[in-house]
Amino acid sequence: QQTAKFLDAYSQYHPLPLSIQQFVDFGKGSKSGSQDASFQFLRKELPVRLANIMKEISLLPDNLLHMPSVSLVMNWYEQSFRELIQFESQTKASEKVLNDFTDILVHIRNRHSNVVETMAQGMLELKEAYGIDHNTENRIQYFLDRFYMSRISIRMLINQHTLLFGSQLASHPRHIGCIDPNCNVRHVVEDAYENARFLCEQYYLIAPELKVECLNPSDPSTEDVQCVYVPSHLYHMLFELFKNSMRAVVEHYPMASELPKLNVLICKGEEDITIKLSDDGGGIPRSKLDLLFQYMYSTAPQPSRSDTASAPLAGYGYGLPLSRLYARYFQGDLVLSSVEGHGTDASIYLKVMSDEANELLPVYNRTASRVYATDKPVNDWSSPQPWAHGNTHSTAR
Ligand code: W6P
């Protein structure tokens with residue numbers, strides 16, 4: 001088939017990671033001629049990123065590939081890939097071509113808006129049809145991290161192009177696409193807190209207060225911490241962490257009329273901006289920490305589907321693993337550290353330097369395919385009765 005040939009060809013190329021600085025520089029010069037430059041870049045880069053991850057989807061175990069939701073997602077990718085490679089021959093872009101391209105990007109973004117839920121559904125289908133052993137679970141974890149990261153990156157490219165050159169009105173005059181060159185971290189923290197508090201009070205009739213401390217040791221003139229970042233990504237991570245912390249605190253102090261505060265420390269160092277959220281929610285055992293980031297754990301039979309609607313803070317959906325991907329996408333991280341019996345610290349790390357904040361992208365290559373091809377990943381650490389303990393210990397990748 002024709003598409004398969006193009007897929008093979010485009011999957012040979014490595015994606016080109018961009019830094020936040022490059023996104024900003026590009027967007028700042030977004031006057032004459034740059035729409036064409038962006039078009040020229042994307043008409044190759046988008047099919048490359050799609051092809052790289054589609055090759056990886058096709059390596060999934062057969063029984064997973066045949067789950068209705070998974071093949072639905074695969075069809076969306078194939079359709080979008082076909083639409084994009086139609087622009088392959090358009091080296092000289094007329095205004096009409098540029099407009100068509102932007103329209104198609106918007107169309108593609110809409111087509112893929114439910115990919116996360118649909119993939120999750122596919123995992124449930126697999127679980128119900130065959131059950132899932134630890135090996136499959138590890139491979140699925142490896143795949144979904146790469147798959148969702150690829151999706152984050154593709155949407156970032158599409159959003160930048162459509163915001164800079166499309167007809168939608170600019171979200172904010174000072175923003176460059178979806179990037180805020182002066183993103184005030186405290187404001188995003190307070191915004192995420194307020195919205196999580198609303199949900200928390202709605203469900204529990206009470207919510208912990210917030211105390212924020214901001215430090216900017218290398219610039220004594222201000223305690224404000226600003227960065228060049230995608231505020232919606234930061235909001236997404238913080239909102240998720242706040243929901244988890246609030247739930248932990250409220251449930252750790254049932255019947256309390258006063259709750260211990262949540263504390264947020266924001267600090268800008270030389271290399272990292274750290275945002276640490278501390279709760280006194282009783283913590284969690286170290287052996288359970290990894291589980292919070294596992295897709296298949298969150299896919300575990302939910303208390304009941306209808307419960308989730310009435311319990312907006314019930315949490316542990318895909319929220320934490322996806323939040324960590326957002327952090328890692330621009331070379332940051334999201335780390336939990338718990339004192340069992342007391343509380344939990346959740347830290348978000350962001351790069352201070354926007355030229356160091358490079359996209360972290362999955363690359364389709366032999367290493368990736370080996371993970372899918374191996375039936376039994378080698379485990380080179382002693383592990384008595386590996387069948388006896390839960391899915392805490394992931395095998396070597
Ligand atoms: C908890 C569990 C958790 C997950 C993520 C963030 C904060 C917290 N606190 O007890």
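Read the figures in this text as sums done on the coordinates, not as results from a lab. Owing to the predicted nature of the structure, the values given are computational and were not obtained by experimental measurement. All Cβ positions, glycine included, derive from the backbone under ideal geometry; neighbour counts span all protein chains shown.
Give me the number: length gained by fully extending Phe41 to Ser171, i.e. 0.36 nm times residue separation minus the C-alpha to C-alpha distance, one decimal in nm.
Values: separation 130, 0.36 × 130 = 46.80 nm, distance 2.35 nm.
The span from Phe41 to Ser171 would gain 44.4 nm if fully extended.
Roughly how many debye, to the nearest 20, is the charge dipole of the chain about its Cα centre, given +1 on each Lys and Arg Cβ, -1 on each Asp and Glu Cβ, and no other charges?
The calculated dipole for the chain is roughly 1040 debye.
May I ask you to sort Val115, Val264, Val363 by Cβ crowding, counting other Cβ atoms within 10 Å and putting the fewest first?
Arranged by neighbour count, lowest to highest, Val115, Val264, Val363 become Val363, Val115, Val264.
Which of Ser71, Ala4, Tyr295 sits closest to the plus end of the dipole of the chain, meaning its Cα is farthest towards the positive end, when Lys and Arg get +1 and Asp and Glu get -1 on the C-beta?
Of the options given, the answer is Ala4.
For Tyr349, what is the net charge nearby, where nearby means another residue's Cβ is under 10 Å from its Cβ and Lys, Arg count +1, Asp, Glu -1?
On the way: positive: Lys276, Arg328, Lys351; negative: Glu271, Asp272, Asp333.
Combined, the nearby Lys, Arg, Asp and Glu give 0.
What list of ³J(HN,Hα) values in whole Hz, one per residue of the range 345-361 in order, does the Karplus curve 6.51 cos²θ - 1.76 cosθ + 1.60 (θ = phi - 60°) give from phi, with Gly and Pro shown as x?
These are the phi-based 3J(HN,Hα) values: 9, 10, 10, 9, 10, 10, 6, 5, 7, 6, 7, 8, 7, 8, 3, 9, 10 Hz.
Where both partners of a DSSP beta bridge lie in the chain, what percent of those bridges are antiparallel, to the nearest 5? Don't skip to the answer; put the middle values down first.
Values: 26 of 32 bridges.
Close to 80 percent.
Where does each of Thr222, Thr102 land when they are ranked from fewest to most other beta-carbon atoms within 10 angstrom? Display every interim value, and only then the final one.
Working: Thr222 10, Thr102 21.
Least to most surrounded, the residues fall as Thr222, Thr102.
What is the distance, in nm, between label points placed 7 Å from the Cα along the Cα-to-Cβ direction at Asn63 and at Tyr130?
Distance between the two pseudo-spin positions: 0.5 nm.
Looking only at Leu291, Leu157, Leu205, which one moves most when the chain is put into a Gaussian network model with springs between Cα atoms under 10 Å?
Its mean-square fluctuation being the largest, the pick is Leu205.
Could you order peptides 107-113, 189-195 by the average number of other Cβ atoms within 10 Å of their residues, highest first?
The most tightly packed comes first, giving 189-195, 107-113.
Take Tyr13 and Lys96, extend 7 Å from each Cα along the Cα→Cβ direction, and tell me the distance between the two endpoints in nm.
Taking the simple label geometry, Tyr13 and Lys96 are separated by 2.5 nm.
Grab the other residues whose beta carbon is less than 15 angstrom from that of Arg174, score K and R as +1, D and E as -1, and report the net.
After counting each charged neighbour, the total is 0.
Quick one: what are the phi-derived ³J(HN,Hα) couplings along the range 261-274, Karplus 6.51/-1.76/1.60 with θ = phi - 60°, whole Hz, x for glycine and proline?
Once rounded to whole Hz, the list reads 5, 8, 10, 10, 10, 10, 9, 9, x, 6, 10, 10, 9, 10.
Once the other residues with Cβ under 9 Å from the Cβ of Met246 are scored (Lys, Arg +1; Asp, Glu -1), what is the net sum?
Values: positive: Arg197, Lys243, Arg247; negative: Asp279.
The answer is +2.
Using a ≥ b ≥ c from the Cα gyration tensor of the range 73-205 (square roots of the eigenvalues), is it rounded, prolate or oblate, where a/c under 1.5 gives rounded and otherwise the larger of a/b and b/c decides, a/b for prolate?
oblate
Residue by residue through the range 98-106, what is 3J(HN,Hα) from phi via Karplus (6.51 cos²θ - 1.76 cosθ + 1.60, θ = phi - 60°)? Round to whole Hz and write x for glycine and proline.
In residue order, the calculated couplings are 4, 5, 4, 4, 4, 4, 5, 4, 4 Hz.
On full extension of the chain, what length is gained from Leu205 through Val352, given 0.36 nm per residue of separation minus the C-alpha to C-alpha distance?
Separation in residues times 0.36 nm, less the Cα-Cα distance, equals 49.1 nm.
For Cα pairs less than 8 Å apart in space and 6+ apart in sequence, what is the mean separation divided by the residue count of the range 174-242, i.e. the relative contact order in percent?
Relative contact order for the range 174-242 comes out at 51 percent.
Compare the peptides 116-127, 86-97, 1-12, 223-234 by average per-residue count of other Cβ atoms within 10 angstrom and give them in order, highest first.
Result, highest mean first: 223-234, 116-127, 1-12, 86-97.
Relative contact order of the range 1-94: what whole-number percent is it, with Cα pairs under 8 angstrom and at least 6 residues apart?
Details: 46 pairs, mean separation 35.8, N = 94.
Reported relative contact order: 38 percent.
Of Met255, Met74, Met156, which is the most mobile in a GNM of the chain whose springs link Cα atoms less than 10 angstrom apart?
Met255
Relative contact order of the chain: what whole-number percent is it, with Cα pairs under 8 angstrom and at least 6 residues apart? If you can, show how the numbers build up before the last one.
Numbers: 584 pairs, mean separation 76.4, N = 397.
Worked out over the chain, it gives 19 percent.
On full extension of the chain, what length is gained from Glu88 through Val363, given 0.36 nm per residue of separation minus the C-alpha to C-alpha distance?
Going from the current span to full extension adds 96.8 nm.
Is the chain best put as rounded, prolate or oblate by its Cα gyration tensor, with a ≥ b ≥ c the root eigenvalues, rounded for a/c under 1.5, and otherwise prolate when a/b is larger than b/c, oblate when not? Intermediate values should be presented prior to the final figure.
Working: a/c = 1.84, a/b = 1.17, b/c = 1.57.
Oblate, since a/c reaches 1.5 and b/c is not below a/b.
Of Ala170, Gly317, Ser94, whose Cα points farthest to the positive end of the dipole of the chain (charges on the beta-carbon: +1 Lys, Arg; -1 Asp, Glu; origin at the Cα centre)?
In the chain, that residue is Ser94.
Within a 10 angstrom radius of the beta carbon, how do Val249, Val73, Val352 rank from fewest other beta carbons to most?
Working: Val249 25, Val73 21, Val352 16.
Final ranking by Cβ density, sparse to dense: Val352, Val73, Val249.
Taking 7 Å along the Cα-to-C-beta vector as the label spot, tell me the Leu265-Leu215 distance in nanometres, rounded to one decimal.
Distance between label points: 0.5 nm.
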